[in-house]
Structures are given as C-alpha cells and as structure tokens.
Amino acid sequence: MAGVTAPALRSRAAILVAGWAGFYLLGFSLAGALLLVPWAQSEYGKGPDLAGLIAGFGGLWVLWGMRPRSARKPEEGLPIPVGAHRRLRELVAEVSRQTRHPEPDELHLVVDANAFTYTTRSLFRRGKTVIGIGLPFLFWLDRDALRSVIAHEMGHHVGGDLRLGPWVHRTRRAIALTLDHLDGSSFLLDLPFALYGGAFLRRSLEVSRAQELQADRVAAETAGTEATARALSIIERKSPLWNAYFWSEIAPALGRGFLLPVAEGFAVFEANVRRGAGTDGARPERKHPEPSSEHDTHPSLGERLASLGTPEWEGEAGKDAAVGLLDDPAAAEDLAVRYVLVDANRKLSRIGWSEVTEKIWLPLWTETLTPVGYAFAKLTATGLSDACASLDDWADRTRTGLSLLSPEASRRRAERYLGMWLAVCLSRSGFEVSTEPGAPVRATRGDVVVEPFRVVSELVSGKRDASEWRRTCATIGLE
Amino acid sequence: MEGLRDPAGLVERVPELVELSQESPAVRRAIEKGKPHAVYRALLHFAWFKAKGRSRDVARELLSRRRLFLEPIASAPTLFTYNGCGFRIYGRADRDSDGTYVSTHYLTFVYVPLFPLRSYLTADGDTAKSYRFVGKVPGSLATYLWQRLVALAVVLSVAVASAHAIDDSLHGTLHVTNGLALPVHVELSGAPPVDVPGGREVPIRASAGRHHISVLLEGAPIETGDLDLPRGKTVSFWNVLGAALVFVENVSYAANATPDAASEEEPEVHCSAGFGSAEDVVDAFTESPRTISMSKDSGKVVRRRVDFMRTPNACVGYLSATGKTGPAAALARKIAEVGHYRLEDVNVALELLKRAGEEDAVVSLARAARDQNPTSVEFHRTYQSAMEATGKRRDLITEYRARMQQNPGSADSMYLLARVSEPEEEMSLLRTGLGVAPHHPYLLRAFGFRQMCDGRHQAAAEAFETLHRTDPVEFRDVALLDVQALAGLGQIDPARTVVREMLDVRDLPPMTREQLVIAALQLSSFEPRVATEEMVARVEPARRVAVLLDGGLDVSKEDLEHVTERAQRSAFEVALVAREQPASALDALAKLDGVVVRSLSGVQWGLLFGEAARIEPPHAVLSKLTEETPLDRVRTEALARFIRTGESSAEFVELPADLRAAIVLARSRRAGVTDTDRKALREQVKLLDPLRGPVTRAMNAWPG
C-alpha cells in the first residue's frame, strides 16, 4: 500500500509547513543565486557580461513566477435553502453532535458523486463551515451509510485536516503557478521546482491519504463499521457509472434547457449497463482491488476497508433509503444540477424520459449535421455501406472548424455523424426512435428494429455485410 | 484502456494514443500528466527508438501533425521588434485547409532569428501582418534541438560565469611590478612562485586575505612583507623596492576625439616600495582602448587606468625630477646594492648621492662597487670620479700609486694612476703605458682626451684613429671628441664620415646618438655646406628643440609645441633667449623652478652659469645654478674659481671641452680681464669649440 501511514497531526502539520517554507526557500535561493552572478561580477570582476545579465534576468524571472497571486476559490455546490430538507439537516446536526463538532453553517448539494467539507476564512468576517453532499449519494445510500459519509467529512474537521488544507492548497498552487510560468523557459529553471513539486505532491498526498483513513475511522465510530464499508463500496462501484450517465444523458438535456428526472434515469441507465445492453455490448468487468498510486488523494477502496477491518460490501443499500431525507427530491435535483450551469438561474423545463428523443436527441443530431449537410445531401440509406467503406473520405468531408483531430478521431467523428444521419433518416421514414439511458439507440417500426449507430459501426468494422444492409434497406423500404 | 487518466483530453482528439500508450510507458505517463507536448516528445522517442511495424507508422503519422498536441495559451505571444531586434514569428509549417499553420516565435537580432521560443498554431488575422494564435504546439525537431543547444550553451555560460564570479569573490590579483633592470623571483604564500623579468609586471592570483611575500634576486631575498590582498575591483600591486613608477591616471574620452590622459590632472604616482592599491580602475596594467562606445550626449567619459613605466628604475628618475633628490638617491643606492653593483645603477646612484650632498655615501658606494669588481677599469674610474668629486684626489693618487707599485708593468694600473695625476705626470704615465700596451683602449682614450684638453688636435686625432681601428666599440665613447679633433684640424669630410659611421651603429646609446646628430648639424655650417632638414626630421619631436639649440639652428614655434613636458619647455625657452640676450635669460631663469635648471643641457648650463658668475655682484640666479649643477661640488667650485681668478685645476681641465669653452668665454667677459688675456681666452674658446657650437655662437652674438 502506497503511503497509508498515519502520522500525527503535529507531524503532518510540520511536514506541510516545512514543504511550504521549503518551496519559498528553494525559489528565493535559486533567484538569489542567479541575481548574485551579475552582482558578483560587478563587485569583484569587470562588470556584468552577457551571461551575468542573462543570469540576472533569470533570477528576476523566477521571482516574478513566484509572486503571490490571489485567487478566490469558488464555492462548491449551491446551499440548500433555509428550511428545506429538514430531515437531512437534522441528520447532519446529529452527526455533528456525535462527532463533537459544531454544526456546519451551510449544507450544499452537488451533482457529483462526491462529498466534501471546507471552511471559508475571511479577515474581517466570520468564516463559515460547509458540508457538501453529492446528489447521487442520497439515491444510492441508506441513512446509516449517508451518516457515515457525513461523519467522514466531519472527521476531517475533528482531525484538524481543514487547518492544514490551506497550506497544502497554497503550496500546490504556488508550485503549479511557478511551474506554469517557468515551463517553456527552456533554460531548465523549472527543473528544481518540478522536482520539488513532485516530492511535495507525493508527500502531501501521502498525508492526504492518511487523513482520509483517519476520517474513515471517525465515520466508522459514528455510523458503524458496516455502514461505512457499505457507503464506501457502493460509492466506489457506482461513481464511474454516474459520471458517464450524467455527462452523456443529463448534460445534453441541460444544454438544451431541459431537466430530466435524474434519479429515475440513473436507475434505468444502471440497469441497462448491468444487463450488458451498453452500446458496445460488453458487460463491464469487475475491477480487482488496486493499491492506491502515489498520485491519489484518497486510498484505494481495498486499503480503506482493510483499515476498517471489514470486507467489501457486495450488495445494495439498506431499506431506509437516504432519499427519504429530502422533502422534495425533484427540487433537490433541480438545485444540484444548477451548480454546473454557467447561469445558475437559467430556466429549465422539466420533461420525462419519454420525451427525450423528440426534444433532445433528434434536434441535437439534426443541428450537428447541419454544418456538414452538403456531405450528406446525396447520401442514401443504401449508399450508407459505401460511405462506411470510405470512412476516411467521409472524415475529410465532414470536417468543420479547426483541424485538431487525429485520423482515427476524424474517422470516429464521421462514424458518429453517419449514425446520427441514419437515426434522423429512420425517424423521417416513420420509425420511432428510442434513446433509453444506457441502452443503444433503437428505431422501431412495427416489428422492424434498427439500431442506427450499431449498423454504422458494424458496416465500418465489416461485421455487417454491405449487401445484407442493402437488402435490409430494401426490406424496410429505405432508399 | 483501463485506468488511463487523460486530464488534457488528448486521447479524445488522438485515440491512437491509447494503443501506443500500452506499448510505451513513457507515452502513458506523459498522457497522465496532462502535458500534450510531453506526449509528443515521448512519442518521438518511441517512434525513433522503440516502435516497430504499424505502431511506428501510426506514431510517425501523429508526429507529422504537431497541431494534434495543441496546448492552450493564456495570451498571444509578444510581437515587437525595433530595427529587427525583438520578437517575431517565422515559418508556416503544417498548413491546413482550415487556414491554420504552425509558426515559431523567435527572439531576433536584425531580423535574424536567434532563439526559438515556442511554436504556435496560427491563422492569419483580418489585417495584414496580424495573426490569431490558436494554441501552443511542440516545436519541430530542428527547432527543438536548436532551442536546446542554445539553452544549453546559455546555461553553461551562466554556470561558467557563476563559477568565475564565485572565484573572483574569493580571490584577488596581486600585480608584481618589477622596475629593476634585473629579473626577480616572487614567492607569495598560497600561490605558485613566479619570475618577474626586469621592467615587467606579472599578475599573481591568490585567495583574498593575509599573505606573506618574499622577493628574491638571484636567490637572495631583497624584500619581504605581509599584505592583505583584497577581493573585488581594487587593483593591488607590489612595487619591488619601489623602483617601478606606478601611476594611476584618468583617461578621458570625448565624442570625435582620441583618448587623452586628462591633461589638467597629474597622474597619481606610486613610488613607494611594497604593497599599493587603486580603486575604480578599468584598465589595469594595460593600454586604454583608443576608442570606446559612448552616447553622443554623454560629452566626456573617463576611464581610470593603472600602469607603470617600463623603463628601468623609473622611480629614481621621477623622484629626482620632482626635487626629491634624497629619496631618489636612497632608492638608487638600494637598487645598485641589491643589483650587485651594475655599473649603470651605480653611476645613477652616485650622481644622485652627489646631488644630495651625501659625500660619504658617494665614496662608500663607489668603493663597494669597485671592491665587488676589482678588475674592472670602469669601476675604478667610477670610484676615482667619486673620490675626486668629494675632494679626495690626493688620497686617490696615494692609493693608486701604491697600486701601480704592486703591479708595475700593468697598463691598467698606469692608466688609473694617470687619470688622477697632475697633467705632467699624467702625460708621462700615459706615454709609458702606451709604450707597454700601444692599443690599450683606456690609455688611447685618455691620451686623446688629454691632447684635446691641451688643444693638440692632431695628436688627439691620431690616438682616436688608433682606437677606432683597434677597438671600434670603445671608440664610440670618444667618437665625438674625434669629430671635434678632426674639425679642429679642418678635416671636415673625415669628421662627417665619422659621424655618419657612428650614426649607422644600431645600439648606440640615445644620448650619444643625439650628441652626434648635434655634431652633424654643427658640421653642416662648414664648407661645403650640407642640407640638414632630413636629419632634423629624423629626430624625435620631443628632443628636436634640444638638438636644434645645441646644433646652432633656428627653432620654430611648431618645434617648441612638440615639447609637452613643462620644465623642459621652459628650459628651451630660456636657452633660446640666451642665444642673444644672456641677461634676460638669467632674469627669466631666476623666476623659474630649479627643475628648469636641471632640464638645461650641459653647455647651456655652462653658458648661463658662467654669465651669472662673471658679473659683480654675481647674478641672483647663480645660487640656483650652483645648487642644480650637473657637476659635483668640487668641479662646480673649480669653474667658479676659474671665472673669478683664471686659476685652472685638474678638476677644471678634464671637463668636457664645450663646457670648458663656456667657462672660458665667461672668464673672457669678466670685467678686469686685460684685453690681451681676453683675446687669448677667446682663442682658447675657439680651440675648445672646434665645431662652432653654442659657445662660439654666444661669443659672436652676446653683447660685450
């Protein structure tokens, strides 16, 4: 296991503060050494020569790269309005009491499969403590598992991690900005910072992982080991699916001003994926437990469960679903997704999943194809096989805007365009197009079912014969 | 690919990388770092050294399109040039039908790209020479290598500069200036020993701080000391015995003018022995450049320079010329002693000791020098001169008579005794000696000289001719006397021949050469007359007036302007006035510094001394002329005595003929001298000045 030792808070703090101080020591030493060259040449030699002037400029360049830059970290998630979701607030308050930590000032909802906590500090105003809970956790977890998640976040406060966090953040940011400034200077000035940054990152991530294990222990003490293991296991299992779901199904709808039932859609998406009805037809393989890498902020699931001394939770959540803590789940969904919008106050129209094809996908495909409509003007359904056979030509023909795609990416884009074209084409030919989450796009007319994207994919890969496709077209009356 | 992190979204644009990253861990690592340019470089390495078959083809295809590895930019690059110096973009590689291309941002000098900074995916802007920058792309291989090589060179040069700066901050340089004529060996603690040739400067680099230094001459220590060697720009030097004239001067530069050692500022001279230093020096022991770059508005730029005069024992001359005769004599004596009594050093030291009035030291040094070189006639001569100068002729006669009795057959002994004997015995001894050794150069020289003193030009010329034939090198010392003897005999052509022959000798001492040139100019007034312009033109401008004055020719204002040394110029001006108006010259000289008197030639001094001494009461300047006499006390007194009383002496008789002529002239002009005596004295002047030099000219021109 990489770096799961748990040094005491004092030693962690010492390490991180030393890391912060070390960065500035390194930077000022390097800049000072470079600035000393022209000074020494002037003081002890015949005056600065070209190399001395370059060294001096390099020193100033390093100092300029290290200059403090203020950047206010934006708040994560949107706060749940006062008075809303009373039961959820009570749970948070209860966990606070259990962990002997003051109740957070704000409770945020986010759309990510994540939970967080932070404390804002201000010179002239009282700071506030925020706990954020990912919307999907409320759908996936039971109340005890959610209690464990909240307790884990409170554990970061109890463990003093929040006091160290700003140091870590500042140092990482300072190193990153300095590296960004010096990167490409071509004179190896970034090398000491890159080496130091790498070492600091490894050490600080090691500390972060230790903090997570300690927060897990607080969670287990508060909500029980089993509930904590359950929460960790479920979140680990579902999070990748959630990300795929959100960005492939929900985000396009949001882009067009619609809000779909998020929880309902994920259930369908998950079921479809589990049934192996994914677009590639492959069943997702179960991942073997992996040790955390030195780049991870959190330990791997295996390490976290091992730390708790409990096995992985294989099943689903308990009966007492956390979603019951919400007064109005739909309102919670609305609040959570608005965080990803550029304009959080944008008007969103609620629609059901049955409307998604007509209101989102078909218009989206049509709009996508419009700029390259000239390429499809003479394309017929029977000619699709020829188009797929000459995908490279179509990759060129369907190119728009800046040419920044590789040949393979261009082919994939052309393949996607052909799939979209066929879907739109089938829709116009009286087929009913279905775009169920997590399932392939299907066009149905009577008994005839055509999966346009799969057809194109098979024609491109050669899995489907061109003559067979032409016969299919003839059978279903497509030209 | 399971677990491939792609923070830059590169794989979405270039899905081929998924497969390639499975074959190349370096490519995978670069993708996971989210740095497309690092991916490009990893892929380049992979394609060149590891990839095979299809992977290599795919990798090369991707590498051919640098735009695939685009990275975002926060702002457009700076495009600014002044006269082609600044930042420009060049190149239009990887053109695409979308109107974009890859250009490279360079640091330029006069439009020549020096250093490639970055490559950008670029599109033409809406107006001419305007651009839209899409993002950063990796540079081409050539650009990358160019950049790295230049960067490496810069990094190395900075490293070297740093190393030098550190070294400079820990070390200092001690410039050892050896103003002696002999080489010395210098041992500075913590540094390798060095040999410093005479008249040279050798730098020694050593750690800054306390050091012990030893200076050795021919293995014997002549100077030791401790010094604190500073670091930095302070120029430190060690002046061996203080013999080298180290000077610090400000060289000023003005637009459209040559460098000038600021004429209004006297250089700061260091003639003290041992350690010295100078601050803010730009040119240390090197010539300042003829020209420097400066802005037109800066008016004047001054560079501080430290250097030393390469001529041996320059400080002796400097101290003497600035009236510090005592220190000059002490230094000269020390140089002579540590230099194992080189004849030149001894002569200089004796001269200065005489001038300083240190008669005991004169005798002591001359005796020590002679004792170190007991067989050298020259050192005996020097010793004898020193004894005579201090009025110890009688002691000398006794000493050398005893010496001759110990070596009765020795021509050298006879010669040395003859030198100090009264004229009658001298002539007898010379004849006896020449009987024993007819070609003995000193005897021939002394015999010829004695004949010249007595006005027997024929006998003198014969002796000199013999010497010329048998010892041409020794003859050089008496060539001028030979010329005078021949001129006195009316043998002008043979005299001119001797002058020409001597002037052809390459290593003739400068003073002898100058005297021969003067003789040639004086001979030009004899029939048949010859042109002198060419000969005068060959004389160094600074010495031209001296030659013209003693040569009896006219001196122009332009000639005088070449004389930059103030005292010398004043001396020439006084001498010019003295050609016609001796009284005015004496009045002028009375108002000038003693340094001016020392700048007069021997014959000019003699004319003015004689004129000042002949009148009653003597002119006020006489004391100054006596004080700054080029002779010793005894001889100077002998001159004054002759002018006043007409009493001759051995000291007077053996003085140079032209000087004696000047004194005889003065005697002839003294009130109370009978006409018969005056006539005889004027005839004697003609005899003593057969070349019709300044004395004859004065005799003819001065008012009675």
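The values are calculated or read from the model by the stated rules, or taken from the named source; none is laboratory data. Given the structure is predicted, the values throughout are model-derived calculations rather than measurements. Note that each Cβ is placed from the backbone with ideal geometry, even for glycine, and that neighbours are counted across all protein chains shown.
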Seminar exercise, completed: Considering segment A:389-410, residues that are more than 14 Å from every other protein chain (Cβ to nearest Cβ) and free of Cβ contacts under 8 Å to residues at least 12 places away in the same chain, and then whichever is farthest from residue A:471 (Cα to Cα), we arrive at A:393
Problem set entry | Qualifying residue in segment B:126-135 (condition: within 30 Å of residue A:34 (Cα to Cα), at pLDDT 90 or above, in a strand (DSSP E or B) and more than 10 Å from every other protein chain (Cβ to nearest Cβ)) | no
Seminar exercise, completed: Subset of segment B:99-123, residues surrounded by 14 or more Cβ atoms within 10 Å (Cβ to Cβ) and away from chain A (no Cβ under 14 Å), comes to B:103, B:108, B:113
For this session: Would you point out the residue of segment B:8-48, among those that are in a loop (DSSP other than H, G, I, E, B) and facing chain A (nearest Cβ under 10 Å), that is nearest to residue B:138 (Cα to Cα)?
Result: B:35
Problem set entry | Answer from B:60, B:92 - the residue that is in a strand (DSSP E or B) and over 27 Å from residue B:154 (Cβ atoms) | B:92
Exercise. Is segment B:529-544 home to any residue that is among the hydroxyl-bearing types (Ser, Thr, Tyr) and touching a Ser or Thr at 6+ places or on another chain (Cβ under 6 Å)?
Worked result: yes
Seminar exercise, completed: Going through segment B:613-668 in order, the residues found to be among the polar types (S, T, N, Q), part of a loop (DSSP other than H, G, I, E, B) and within 35 Å of the chain's Cα centre (by Cα) are B:629
For this session: Just one of (1) in contact (Cβ under 8 Å) with a residue 40 or more places away in the chain; (2) crowded, with 22+ Cβ neighbours inside 10 Å; (3) farther than 15 Å from residue B:599 by Cα trips up residue B:549, so point out which.
Result: (3)
For this session: Return the only residue of B:169, B:214, B:189, B:207 being among the polar types (S, T, N, Q), more than 27 Å from residue B:292 (Cα to Cα) and in contact (Cβ under 8 Å) with a residue 60 or more places away in the chain.
Result: B:169
Seminar exercise, completed: Filtering segment A:237-260 down to residues that are part of a loop (DSSP other than H, G, I, E, B) and touching a helix residue (DSSP H, G or I) at 6+ places or on another chain (Cβ under 7 Å) yields A:256, A:260
For this session: Name, by its number, the condition in (1) more than 12 Å from chain A (Cβ to nearest Cβ); (2) without any contact (Cβ under 8 Å) to a residue 24 or more places away in the chain; (3) out of contact with any Gly (no Cβ under 8 Å at 6 or more places or on another chain) that does not hold for residue B:80.
Result: (3)
For this session: Mind telling me which of the residues B:184, B:202, B:235, B:158 ends up being more than 14 Å from chain A (Cβ to nearest Cβ), out of contact with any Cys (no Cβ under 9 Å at 6 or more places or on another chain) and surrounded by 20 or more Cβ atoms within 10 Å (Cβ to Cβ)?
Result: B:184
For this session: Determine, yes or no, whether residue A:129 is over 25 Å from residue A:320 (Cβ atoms), over 21 Å from the mean Cα position of the chain (by Cα) and β-branched (Val, Ile, Thr).
Result: yes
Exercise. Can you find even one residue in segment A:154-166 that is within 23 Å of the chain's Cα centre (by Cα), closer than 30 Å to residue A:60 by Cβ, touching a residue at least 12 places away in the same chain (Cβ under 8 Å) and part of a helix (DSSP H, G or I)?
Worked result: yes
Problem set entry | Odd one out for residue A:13 among (1) in contact with a helix residue (DSSP H, G or I) (Cβ under 7 Å, 6 or more places away or on another chain); (2) of a type in the set (A, V, I, L, M); (3) at pLDDT 85 or above | (3)
For this session: Take residue A:300 and decide whether it is polar (S, T, N, Q), surrounded by 16 or more Cβ atoms within 10 Å (Cβ to Cβ), modelled with pLDDT of 80 or more and more than 22 Å from residue A:136 (Cα to Cα).
Result: no
Problem set entry | Qualifying residues in segment A:22-46 (those that are of a type in the set (Ser, Thr, Tyr) and more than 11 Å from chain B (Cβ to nearest Cβ)) - the one nearest to the chain's Cα centre (by Cα) | A:24
For this session: Give segment B:189-224 a look and list any residue that's farther than 20 Å from residue B:284 by Cα, part of a strand (DSSP E or B) and aliphatic (A, V, I, L, M), or say none.
Result: B:213, B:215, B:216, B:217, B:220, B:222
Exercise. Quick one: is residue A:354 surrounded by fewer than 16 Cβ atoms within 10 Å (Cβ to Cβ), away from every other protein chain (no Cβ under 14 Å) and assigned to a helix (DSSP H, G or I)?
Worked result: yes
Problem set entry | Residue, nearest to residue B:650 (Cα to Cα), within segment B:451-470, restricted to residues that are assigned to a helix (DSSP H, G or I) and touching a residue at least 40 places away in the same chain (Cβ under 8 Å) | B:453
For this session: Hey, can you tell me all the residues within segment A:182-193 that are under 18 Å from residue A:68 (Cα atoms), at pLDDT 75 or above and either within 11 Å of chain B (Cβ to nearest Cβ) or touching a Ser or Thr at 6+ places or on another chain (Cβ under 7 Å) (or both)?
Result: A:193
For this session: Scan segment A:47-93 residue by residue and report those that are in a loop (DSSP other than H, G, I, E, B) and at the interface with another protein chain (Cβ under 10 Å from one of its Cβ atoms).
Result: A:47, A:48, A:49
Exercise. Any chance segment B:365-377 includes a residue that's acidic (Asp, Glu) and either crowded, with 16+ Cβ neighbours inside 10 Å or in contact with a strand residue (DSSP E or B) (Cβ under 9 Å, 6 or more places away or on another chain) (or both)?
Worked result: no
Exercise. Within segment A:84-140, which residues are touching an Asp or Glu at 6+ places or on another chain (Cβ under 9 Å), touching a residue at least 24 places away in the same chain (Cβ under 8 Å) and surrounded by fewer than 15 Cβ atoms within 10 Å (Cβ to Cβ)?
Worked result: A:86, A:87
Exercise. When segment A:411-426 is examined, which residues are found to be within 12 Å of chain B (Cβ to nearest Cβ) and either at pLDDT below 90 or buried (at least 20 other Cβ atoms within 10 Å of the Cβ) (or both)?
Worked result: A:415
Problem set entry | Selected residue (only one of B:318, B:341 is touching a Cys at 6+ places or on another chain (Cβ under 7 Å) and touching a residue at least 24 places away in the same chain (Cβ under 8 Å)) | B:318
Exercise. Would it be correct to say that residue B:96 is under 16 Å from residue A:402 (Cβ atoms), of a type in the set (Asp, Glu) and within 12 Å of chain A (Cβ to nearest Cβ)?
Worked result: yes
Problem set entry | Residues located in segment A:358-388, provided they are within 18 Å of residue A:457 (Cβ to Cβ) and without any contact (Cβ under 8 Å) to a residue 12 or more places away in the chain | A:383
